[in-house]
Each structure stands twice: as structure tokens, then as C-alpha cells.
Amino acid sequence: MFLTDEETGMLNGEKGPAVKKAMEILVALGEGFGAKRLVTINNVHMAGSSVLVAEEAGTKFVEDIQNQGGRFVTNVTTNPTAVDPTQWEEIGIDESDHILQNRLTNSYAGMGANTCNTCIPYLVGNSPRFGEHMAWGESSAVVYANSVCGARTNREGGPSGLASALTGRTPEYGFHLKENRHGKFLIKVETQLNDMTDFGTLGYFAGKIAGQDTPVFTGISSNPTLEQLKALSAALASSGAVSMFHAVGVTPEAPTLDEAFGGREPEKILVFGDKEKEMAEAALNKEPSDHVDWILIGCPNASVQEIREVAEALQGKKVHKDVSLWVTTAGSMYAMAERMGYIQTIKEAGGVVVRETCPFLARSRVIAPKKGYKTLTTNSAKMAFYAPGQFGLPTHYGNLNRVMKAAINGVWG
Ligand code: F3S
């Protein structure tokens, strides 16, 4: 792989041991994927920010990098952690995770990260521009950035994200190259997509077929909301390893079908109609009984608009006494929702707005038995896909209206 003089100097240790180690990681990665060179970047979203993933060994690795003089040379935002910083005890998180998480978060902050701890960096100030090369982790955010923003990133893991933040470089392969960004197969949407959950169901359906390939959708209204597109992005990256999609007439690299496919023919053509939507939704409903105990809204993290919808559904009502309702979001979304009075409404009704973590990145295998949770009920296709396998809770999956009724009535009607 070609390296500039500056990059060769970094690899030889001229900028210290932390940068040397980082450059070794990037060169190994680039050579493994056949990159011809590194590309300069100024934007990293760090995936390895939860101690559920990092544990003691990963935390120590990050601290060592900091102690060796490592400092971030790009803008860096961080993904959710394993802990709500103020309500950890109340929601069932162990003190040991709280302590370890503080070490990891402080280490990232000490090297210059914006520790926003959210999977929606594009809503809290890290807004990618069209064509920008970046190194982002968090699969849902990667799909959103590539597809909706037209930025260019592969799916980075914790070590490669850290290495890019220390050097301002990422290997140029995969989705950094225009020729790899075209669609492979076509999905004709021939059913009404009414809400975020329908978009998530479409993502689940398409992701299962896609593997790592890029789907192209036709038939999506030209005016989907940001929340709908983030639900689609998250689900595509869950049931599949998708990094990008095109929606003709919606996303910036797909003004026409021909441009979405780069002038090539689709390898296959599928239809997502009423029947496919119904079957995909049923596949995400794994819990046969009506029992409801843990409800999750906010995967990916809730926007202020989503928090408002939850508050409106709870106006003058109470969450059922046997139900825990979590709405997970970023700290800055929380602050804005608090200013609008939505947080108070949710709290008074018995729900909790959780910051900086989610059931997937917190230790749910500990939280669930501690709190007696046996099921998970959600409007998120991503969470419904992961909950049974990752933390052993069968799911109820449906739109916000249905989920909020379950929150109030205590049954999945
Ligand atoms: Fe975000 Fe956690 Fe879902 S990181 S996308 S809320 S699984």
C-alpha cells in the first residue's frame, strides 16, 4: 500500500508509540482489503465505547493508548455506553459497570472525543457532508451516513476507529470507492409504509436477502422522515451486513434507477408487498403469549420528535404497574425534550427516559433477571431482531401506537 512520507514517519514511530500502533492497525487492515492508499479524514464515530464490548481488557487498551500520549486529530463522537450516567442503579445496572464505564469514557474524553454516547451522531452535531470520507462504527449510523447523507465510510470496529482518530487516516477500499457504491439488487415496494416500524420491517426483509450487498428500493415515497430512514438503516444492518442502500428519488446517489445501479442490471428483483410485510412482521414477533414487562422505544436512539410522540401517548395516563417503559436517547435530545416538557410527562406516567445506553449495549443478561423481565416489547425491528439471541428475551414487535397501548394496558393486545 502506498504511504506518504508523513504516513511512513507515523509508521516508524516519529509521532510516538500510540500513533505508530494506530498506523500498524490501519496498514494491516488496508493491505488485508487490498487498499492502494490511505485517505485523509476528519470524522470518526467510535463504536467501541461500551464496556459490554470493551470489558477490562479493551478499557485498558484505550487507557494505554492515552498514557502513551495518544491524542485524537479528528472530530470524534462516541457510540452508546453500557450505563445511564445518572439513573444506572434505578434501571438495574451494576456498579462495577458504572465504574469501568467511567474509566473508558474518561479515557476517550481525555484524548479529545466528544463523548455524546449515542448511535445517532448525525442528530447531535456530527452531520456528515456529501462525499465526505469518514471512519464510522455503529452499523445503523454507517448505513444512514452512506445512504441518506452520501458520505463514505466502511463499518469500522473499535480498534480501527481508534486508529483513524489518532492518525486522521483510513484505508481507501470498500464504500470509499465510487465503483463499490452501486446497487446490486432491486426491491419494489408495493405496500404502504405508514410509520417507522413499517420502514424497519422493510429493512429486516431486505437485510435478510442482502447479506453485504446494496439494495435499491423503488416505491418509497419521496418524503420519508428522518426517523423512518434511521429505522430502515438500522434494520438493514441487523438482519444483514448492509452498509448502504439507495431509494430512487429519495437518497442522493439515486436520482434515477440507472444511476443507483451504475448503469448495470440488477442481479435480482424482489417485491415487498402486503404479504411480505405481514410475514416479516410476524417473524419478529417471537413471544407467543400476551405477557408484557419491558418496553423499549428508541433503537436507534429516539429523536425529540419520537420522545414527543411517547409523551403524547401518555398524556393523562399511567404506564401499567407491571411494565417498565424505557425510551433511550442521547443527552442532548434529553435536554431538548426536557425543555419541551416531554420528559416530565413520561416520568409522571411512570416511564423512564434513559440516556447514553440501550438494552443491546448494557448488560441486559444481568438487568433482565434482576428486574424480572421475561419479554421485550418494541417498535424497533433492530431491537426485535437482536433481543432473543443477544439477551434471551422473546419479543413483541409492532408500531408505536400498539406498543404504547401495551405499555398502558400491560398486555400485548
Ligand atoms: Fe442504538 Fe442500541 Fe439500537 S446502539 S441502534 S439503540 S441497539
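Mind checking the full-extension length gain between Asp274 and Lys370? Use 0.36 nm per residue of separation minus the Cα-Cα distance, one decimal, nm.
Stretched out fully, the Asp274 to Lys370 stretch lengthens by 30.6 nm.
Taking loop as defined by DSSP and a crowding limit of 12 other beta carbons within 10 Å, which GluC sites (Glu not before Pro) in region 240-321 fit?
Loop-located and lightly packed - Glu267.
For an R0 of 30 angstrom, estimate the FRET efficiency from the Cβ-Cβ distance between Gln212 and Asn409 and round to the nearest 0.05.
Plugging the Cβ-Cβ distance into 1/(1 + (r/R0)^6) gives 0.15.
Over the chain, with every protein chain in place, what whole percent of the accessible area is carbon and sulfur at 1.4 Å, could you tell me?
In the chain, the share of accessible area belonging to carbon and sulfur is 50 percent.
State which entries of Lys275/Lys371; Lys268/Lys405; Lys286/Lys318; Lys15/Lys382; Lys21/Lys382; Lys268/Lys382 exceed 29 angstrom in Cα-Cα distance in the structure shown.
Numbers: Lys275/Lys371 37 Å; Lys268/Lys405 40 Å; Lys286/Lys318 26 Å; Lys15/Lys382 41 Å; Lys21/Lys382 34 Å; Lys268/Lys382 25 Å.
Pairs exceeding the cut-off: Lys275/Lys371; Lys268/Lys405; Lys15/Lys382; Lys21/Lys382.
Keeping every protein chain present and rolling a 1.4 Å probe, give me the accessible area per residue for the chain in Å².
On the way: 16080 Å² over 413 residues.
Spelled out: the 1.4 Å probe surface of the chain, per residue, equals 39 Å².
For Ser221 and Lys36, calculate 0.36 nm times their separation in residues minus their Cα-Cα distance, and state this gained length in nm to one decimal.
Values: separation 185, 0.36 × 185 = 66.60 nm, distance 3.91 nm.
So the extension gain works out to 62.7 nm.
Suppose the Debye formula is applied to equal point scatterers at every Cα of the chain; what is log10 I(q)/I(0) at q = 0.08, 0.12 Å⁻¹?
-0.43, -0.95
Hey, can you rank 36-42, 205-211, 358-364 by average C-beta count inside 10 Å, highest first?
358-364, 205-211, 36-42
Please identify every one of the GluC sites (Glu not before Pro) in region 42-93 that sits in a loop by DSSP and has no more than 12 other beta carbons within 10 Å of its own beta carbon.
Answer by residue number: Glu89, Glu90.
Please list 3J(HN,Hα) in residue order for region 176-188, calculated via the Karplus relation 6.51 cos²θ - 1.76 cosθ + 1.60 where θ = phi - 60°; whole Hz, with x for glycine and proline.
6, 9, 3, 5, 9, 9, 7, x, 10, 9, 10, 10, 8
Zone of Ser96 (label point 7 Å along Cα→Cβ, backbone N under 16 Å): which residues in region 36-55?
51-55
Under the rule of -39500 (n - 2.57) per DSSP H run of 4 or more residues, summed and divided by the residues of the chain, what mean residue ellipticity at 222 nm is obtained, to the nearest 500 deg cm²/dmol?
Calculated from helices alone, the mean residue ellipticity at 222 nm is -12500 deg cm²/dmol.
Could I have the simple spin-label model distance between Asp5 and Gln192, label points 7 Å from Cα toward Cβ, reported in nm to one decimal?
6.6 nm
Label 7 Å along Cα→Cβ of Ala241; region 19-61 residues with amide nitrogen under 15 Å?
32-34
If you take the beta carbon distance between Arg339 and Glu55 as r and set R0 to 45 Å, what does 1/(1 + (r/R0)^6) give as a FRET efficiency, to the nearest 0.05?
Here the calculated transfer efficiency is 0.80.
The values are calculated or read from the model by the stated rules, or taken from the named source; none is laboratory data. Just so it is clear, the model here is predicted, and its values are computed rather than measured. FYI the Cβ positions are ideal-geometry reconstructions off the backbone, even for glycines, and counts take in every protein chain you see. Just so you know, the surface numbers come from the protein's heavy atoms only, side chains and all, with ligands and any DNA or RNA stripped out. Shrake-Rupley method; radii C 1.70, N 1.55, O 1.52, S 1.80 Å.
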